[in-house]
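*Asks:* Provided herewith is a single structure, encoded as C-alpha cells, for subsequent inquiry.
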Amino acid sequence: MIATQSPTSATDSDVRPWPALGALCVGFFMILVDMTIVSVATPAILETYAPHGATVNDVIWVTSAYLLAYAVPILITGRLGDRLGPKRMYLGGLVVFTLASLWCGLAFELSASIWMLVAARVVQGFGAAMVAPQTMAVITRIFPRESRGSAMSLWGATAGVATLVGPILGGVLVDLAGWEWIFFINIPVGVVGFWLAWRLVPSLEVHEHSFDWIGVALSGVALLLIVFGIQEGHAFDWNATIISMIVGGLAVGSAFIWWQSRMTREPLMPLSLFRDRNFSLANLAIASVGFVFASMGFPLMLWAQLVRGDSPTQAGLLLAPMAVMSILLAPVAGKLTDRVHPRILAGAGLTVLAISLLLLASVIGPDTPLWQILGAMGLLGIGSSFVWAPLTTTANRNLPLHQAGAGAGIYNANRQIGSVIGAAAIAVLIDSRLAANGLADGGGTSEASVGGTLPDAVHAAFSTSMSQAMFLLPAILVIGVLAVLFFERPQHFAAAPAPAEAVAPQA
C-alpha cells in the first residue's frame, strides 16, 4: 500500500500544510506519550512483576529500553525518510509501533519475566524512531521559512503536552483497567493516525542518500554502553566493569565523531550542519530538556503514590496545571516565535522551567500542602510553553531542504539521548539517595506497591530521597539556559517569503 505512491512534481496549490501537520501530530503525540506514561504505572507494573523477581531498577528499564531503542536508530531513520519519502517512513513506523503496543499489553500473559515487556518496548521504540524525524522533516519542507514558527508551535505544543499528559492518562487507565491498557490504548490511536496520514500527508520529493552503517554501529554501541553503565552502576557498586563500560562508551562515541569527520560521502551525522550556531546550540538545549522531562516523573510519581497515598489517577492529575498552561500558551508562543528573538523566548522559558523544578524539589515532603505542588506545576507549564517551539524552530529554520531529514534526525536524536541518559541517571540517583537515607532496600517499595503506601515511619526518609534526586533536574537545565543565551538573530527576520516545496498529488 505504501510503496504504490511515488512522488512527482506538483504546484504549490496542491500543498495543504496545516491538515498534513494535524495528521502527523496524532502519531507524534502517541509516541511521545509513551515516553512518560509508564512513570505513573511504575508501582502497578512493579506490583505485577515483583513476585517474579523484578526490582524498581528493572521496571525503570521498561522506560529506558524504549528511549534507547528510540534514540539509537533515529539518525538513520531520518535519512531513510529523505530517501524513501517521509510519508512512507511515517506510516511504516506507525505500523511497527502499533503492533509492538499490542505485544506490550500482552507481555505478562506471554511471560512472567519483566524482560519480555522490555523486549516489546524495544520494538516499540524502534517504531517511534521511524516516526519522529519525519514530522519535523515535513514541516521544514512544506512550510515557508518565515512562517515556520507557527507550524513548529503546534509541533512543539504536541511534544510538550504529550510529555505532560502521559502520566495523567496513564493514571486513569491504570486505575480503570490496569497497566496493560497504557499500551492497548495505542492500537485505535495508531489506526486512526495511519488513516489520517495516508489521506492528508503529501508525498514529498525523495533524495538519493548513501548510508553510513559504520556510523550507525558506533553510535549505537556508544549509547548502549554509556546508558547501561549509568543505570546499572549503583547495583554493581560502580565496579571496574561498570566504569570500563562507561569509559568505553565515551571512547566509542569519540570514534563516532572522528568517523563522521572523515566520511567523504554522506555521514550519518553531517558535521557541516553544526556550522550553523543556532542549530548547534538548540541541539544542546533540547538534550537538557529531554533529560528533564524523561526523568522528572519517576521520583514525583513514586512519592505521590507511596507517601501521599494517591491513586495512579490522582498522582497523574498533579501534572494537570502543567498540561493546561502548556495548551493555553502554545498559540502565544507560536506567534511570538516568528517575531521575537529566540534567545529571549527560549531563555525565559528554560529559566522559568528551572525555577519551577527547583521549587518542586524544595517542597516535596511527607506533609507537603497540595497547593504547593500544583503551583510549581503551573509554573512549569508556563516555562515549557516557551521552550519547545522556539528551540525546534530555531534549530531547523536555516537547514537546506535536501538535509531536512538529517537535521530532524540529529535534533530528535539529541533530545532522545538526553531522555535516555536522564531516565538512567534518575534511576541510579534514586537508588543512591534511598541508600544514603537509610533505605538501602528501597524502603519497602516493592511491598508498598502491593499494599498501597509506605509505612509512616519511612515517609520522611523516602520523601527526602525523592527531593534530593529531583534537584538534579534544574542543575541540568542550566546547560540549556547557557546555550540559548548565545542564539544568533534568525535570518528570516529580514528575509523574503519562501515558497513551499512542491509535492505530489494524493492518491
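*Asks:* Return the loop-located chymotrypsin sites (Phe, Trp or Tyr not before Pro) in region 228-295 (DSSP other than H, G, I, E, B) with at most 16 other Cβ atoms within 10 Å of their own Cβ; answer none if there are none.
*Replies:* Sites meeting the loop and neighbour criteria: F236, W238.
*Asks:* Please give the per residue accessible area of the chain, computed with a probe of 1.4 Å over protein heavy atoms only, in Å².
*Replies:* I get 36 Å² per residue for this part.
*Asks:* Return the sequence-ordered ³J(HN,Hα) values of region 243-249 in whole Hz as given by the Karplus equation 6.51 cos²θ - 1.76 cosθ + 1.60 applied to θ = phi - 60°, using x for Gly and Pro.
*Replies:* Residue by residue, region 243-249 yields 4, 5, 5, 5, 4, x, x Hz.
*Asks:* Just to be sure I understand: if I project the alpha-carbon convex hull of region 243-319 onto a plane and average over all orientations, what area do I get in nm²?
*Replies:* 8.4
*Asks:* Considering only protein heavy atoms and a 1.4 Å probe, what is the carbon-and-sulfur percentage of the accessible area of the chain?
*Replies:* For the chain, the apolar C and S fraction of the accessible surface comes to 68 percent.
*Asks:* Is region 359-414 best put as rounded, prolate or oblate by its Cα gyration tensor, with a ≥ b ≥ c the root eigenvalues, rounded for a/c under 1.5, and otherwise prolate when a/b is larger than b/c, oblate when not?
*Replies:* Cα axes put region 359-414 in the prolate bin.
*Asks:* Oh, and also: Any idea how far the Cα center of region 190-244 sits from the one of region 355-374, in Å?
*Replies:* Cα centres, region 190-244 to region 355-374: 34 Å.
*Asks:* Report, as a whole number in µm² per second, the diffusion coefficient that Stokes-Einstein gives for region 316-410 at 37 °C and 0.692 mPa s using the Kirkwood radius over alpha carbon pairs.
*Replies:* Approximately 226 µm²/s, per Stokes-Einstein.
*Asks:* Taking the chain on its own, what percent of its Cα-Cα pair distances exceed 44 Å?
*Replies:* The proportion of pairs with Cα distances above 44 Å equals 10 percent.
The values are calculated or read from the model by the stated rules, or taken from the named source; none is laboratory data. The structure displayed is predicted, hence computed values, not measured ones. Counting neighbours? That spans all protein chains shown, and the Cβs are built from the backbone with ideal geometry, glycine included. Accessible surface areas use protein heavy atoms only, side chains included; no ligands, DNA or RNA. Shrake-Rupley method; radii C 1.70, N 1.55, O 1.52, S 1.80 Å.
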